[in-house]
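J.: Dumping the structure here so I can ask a few things about it.
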Amino acid sequence: MKSLKSLLIAALALVSTTAMAQSAEPEYQFKKHAFITLQGGAQYTLGEAKFKDLLSPNAQLSIGYQFNPWFAARIQGNGWQSKGGWANYRDVKLGTPFNKNYKFNYVAPGLDLMFNLSNAFCGFNPKRFFNLSLFLGGGANIGFKNDEANDIAAQLYSLDAYNMQYVWDGTKIRPFGRGGLEFAFRLSDAVKLIIEGNANILSDKYNSKYGDNPDMYFNALAGLRINLGKSYTKVEPFIEPVDEPVETGNTYVAPEPKKPEPPKPPVKIEPLRRDVFFTINSTVIRDSEVQKVRDIVDYMNKYPKSKVAVTGYADAGTGNDIINDRIAKQRAEKVVKTLIEQYNIPADRITSDSKGARVQPFAENDLNRVSICIAE
């Protein structure tokens, strides 16, 4: 346990130096993604034997999901072989004692919660070469093929020696807890080299021996991790455009600030006048005068805020004031009715009046049989 604490302290120091030197770049935006990791290595199981005699092959396959830059979870399957040792073993009574080693197999599926310390303390940077992660988890250790320990237990029993109190046979399932460190080295956007060290703790009955303390084994693993999908997107930084300086000879002169453009004067709309002429004693708009009415309609459609004033007249050379007042009014009303009913011009955009024969707009008598339309 002291060695694990020392490893953790050294790793945190590494985060605060090397990882801090590779600070986050703001143009990278994290994306959630899955990953798969395959590793192989060695296991050391605590026991009564030399260190090299308690080393075993080990392998681990895991699939995980990176939820944010600093937190991930993985489901892993670790296993292969564990070893145990029996000190002062005698194969015959009063024989010379020696260390007797034995091995057994196991597989240990579990769930780990992973914390990327580099991203947590130094910011997200997918181009960082080295990342350090801490993980904690647990699962079920499934032990099997414990034949060698059972053979030793039988021999000890026949010699009337101290026996293996916790020897087990068949398949045994025990819960375990684990913790460790992961060192990730970026090879590409999708691939990393993973070096991992983890410590696992189980009940005292794991290695078949009574020790009055939990059993432990340690794994050192190396392998590759492959991201299943993009882990980031690149966001181009916004650069505000700056006017380039103007070169004049050997001297650069900064360009003058642009002057605001003066407001444009409002466009003046010229009024439109059309004279719709009638025959004597008539209020019918002749075919030759229809285009004049359409000109008024086109103008009012082009300028939605415009209005038209229609004034009717009669010639003074015929009739009397009573007749001329009536026919002048009817001529104005005819034009108004045509604009409203035939061309859908709103009535509130039209005003009408009549002057009879009291006002003569033209010098020629017959031309005063007219409705004068002024749109503006």
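The values are calculated or read from the model by the stated rules, or taken from the named source; none is laboratory data. In this text the structure is predicted, and so the values were computed from the model without any measurement. Quick reminder, even Gly has a Cβ in these numbers, built from the backbone with ideal geometry, and neighbours come from all protein chains shown. Accessible surface areas use protein heavy atoms only, side chains included; no ligands, DNA or RNA. Shrake-Rupley method; radii C 1.70, N 1.55, O 1.52, S 1.80 Å.
J.: Could you go through region 284-305 and let me know if any residue there is out of contact with any helix residue (DSSP H, G or I) (no Cβ under 7 Å at 6 or more places or on another chain), modelled with pLDDT under 95, open to solvent by less than 80 Å² (accessible area, probe 1.4 Å) and not in a helix (DSSP H, G or I).
T.: Yes, region 284-305 has at least one match.
J.: Still on this structure: If you check Tyr106, Tyr102, Tyr89, which single one turns out to be surrounded by 14 or more Cβ atoms within 10 Å (Cβ to Cβ), modelled with pLDDT under 70 and of a type outside the set (Val, Ile, Thr)?
T.: Every option except Tyr89 fails the conditions.
J.: Just name the residue that is surrounded by the fewest Cβ atoms within 10 Å (Cβ to Cβ) out of those in region 325-376 that are among the polar types (S, T, N, Q) and assigned to a strand (DSSP E or B).
T.: Within region 325-376, the match that is surrounded by the fewest Cβ atoms within 10 Å (Cβ to Cβ) is Thr351.
J.: With the requirement that a residue be buried (at least 18 other Cβ atoms within 10 Å of the Cβ), within 40 Å of the chain's Cα centre (by Cα) and of a type in the set (Phe, Trp, Tyr), what does region 35-75 give you?
T.: The answer is Phe35, Trp70.
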